[in-house]
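Read-outs: derived from the displayed coordinates by stated rules, not from any lab. In this text the structure is predicted, and so the values were computed from the model without any measurement. With ideal geometry, Cβ positions are generated from the backbone for all residues, glycine too; neighbour counts draw on all protein chains shown.
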Amino acid sequence: MRAQRMTLMSVEEEIRGFARDLAADLDRLFDHLNRIASLVRQRLGAENAHERRWGPFQPDQLRMMEAEADQLLEQHPLVSGAGIIFDPDRIVSPEQLIPWRVRGERGAPEAYGFDFDEHSRDYYDFLQLPWFAEPKSTGAPKLTTPYVDFLGVDEYILTAAVPFADEHGFVGVAGSDIEVNTLEKVMMRAAKTVSGRFVLLGAQGRIVCSTTARFLPGELLEQNTERGHHLELPTQVPTLSLYWE
């Protein structure tokens, strides 16, 4: 019995260690997004002082935003895309709504374009998506649970977003995407050093990824899992949790 308790304690310590490491990665990401949001607000806000609509942005201003996104991609291996997303009501040029950067086929950052023609079948209508709508209404950062970014980057992702505002109110968010398959790889690497099976959960107990075929991504955690253990990831933007047996 004592040996069994020691084993359970060891598994819990391993899981908690993984939770701390993942939470630290996410917190560093949000810290970086906060810095980008502040920089964009200070530089572009100063150049558009007292104007309700910012822009149109000059080449050097666009290069500044691209460089910040590229640096974030280089420093955060979890991230697949990053940039600024402006409120359409707050900028002059619709084609400058989302200066966005992604990892190219060889890993180097490159531009990614979206369709903002409302009459197009590929129109990217992001205004009601949680990563944009919630920071706009609450003024707080957001980490979404997984979703398919249809007509956006068309991947199964989580999005982290930090809002920024000026004297007229909300302007936009600094954002970044994390592909679920990247989190799966992180989980599987961790599984090599963790004795138990464990699952990463999003809101309402929906499975993001796991280290066992018993728990399938996208499904709700089974109701008969009382014998297991839950742990909220200790992050500054609480969204994810772990379950293990």
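Need the full-extension length gain, residue 74 to residue 227, defined as separation in residues times 0.36 nm minus the C-alpha distance. One decimal, nm.
Working: separation 153, 0.36 × 153 = 55.08 nm, distance 4.09 nm.
Residue separation times 0.36 nm, minus the Cα-Cα distance, leaves 51.0 nm.
With 10 angstrom as the radius, rank 124, 156 by how many other C-beta atoms surround their C-beta, starting from the fewest. All intermediate terms of the calculation are to be shown ahead of the outcome.
Details: 124 19, 156 15.
Arranged by neighbour count, lowest to highest, 124, 156 become 156, 124.
Could you give me the radius of gyration and the Dmax of the chain, taking only the C-alpha atoms into account and expressing both in angstrom?
That works out to 19.9, 70 Å for Rg and Dmax.
Considering all projection directions equally, how large on average is the shadow of the alpha-carbon convex hull of segment 34-83, in square nanometres? Could you put the intermediate results ahead of the total?
Numbers: hull surface 15.1 nm².
Its average projected convex-hull area is 3.8 nm².
Take the alpha carbon atoms of segment 182-244, find their radius of gyration, then divide it by 2.2 N^0.38 Å using N residues; give the quotient.
For segment 182-244, the normalised Cα radius of gyration comes out at 1.05.
Say we join alpha carbon atoms closer than 10 Å with springs in a Gaussian network model of the chain; which of 60, 21, 70 then has the biggest fluctuation?
Ranking 60, 21, 70 by mean-square fluctuation puts 60 first.
What's the extension gain from residue 128 to residue 58 if we count 0.36 nm per residue and subtract their Cα-Cα distance? Write out the running numbers ahead of the final one.
Working: separation 70, 0.36 × 70 = 25.20 nm, distance 2.83 nm.
Stretched out fully, the residue 128 to residue 58 stretch lengthens by 22.4 nm.
Work out which helices of the chain, taken as complete DSSP H runs, extend at least 18 Å along their axis over the Cα atoms and score a mean Kyte-Doolittle of -1.0 or more, then list them. Working shown, then result.
On the way: long enough: 2-47 (67 Å, -0.36); 59-75 (24 Å, -0.90).
Flagged H segments are 2-47, 59-75.
In what sequence, highest mean first, do 110-117, 175-182 appear when ranked by Cβ atoms within 10 angstrom? Don't skip to the end; give the middle numbers.
On the way: 110-117: 13.8, 175-182: 22.2.
Final packing ranking: 175-182, 110-117.
Going by C-beta contacts inside 10 Å, put 185, 142, 192 in order with the fewest on the left. Display every interim value, and only then the final one.
Numbers: 185 14, 142 23, 192 7.
In order of increasing Cβ crowding within 10 Å: 192, 185, 142.
Report the semi-axes of the equivalent ellipsoid for segment 96-178 in whole Å, largest first, where each axis is √(5λ) for an eigenvalue λ of the Cα gyration tensor.
On the way: eigenvalues 91, 50, 38 Å².
Sorted largest first and rounded, they come to 21, 16, 14 Å.
To the nearest Å, what is the center-to-center distance of segment 6-65 and segment 110-178, using C-alpha atoms only?
When both Cα centres are located, 14 Å separates them.
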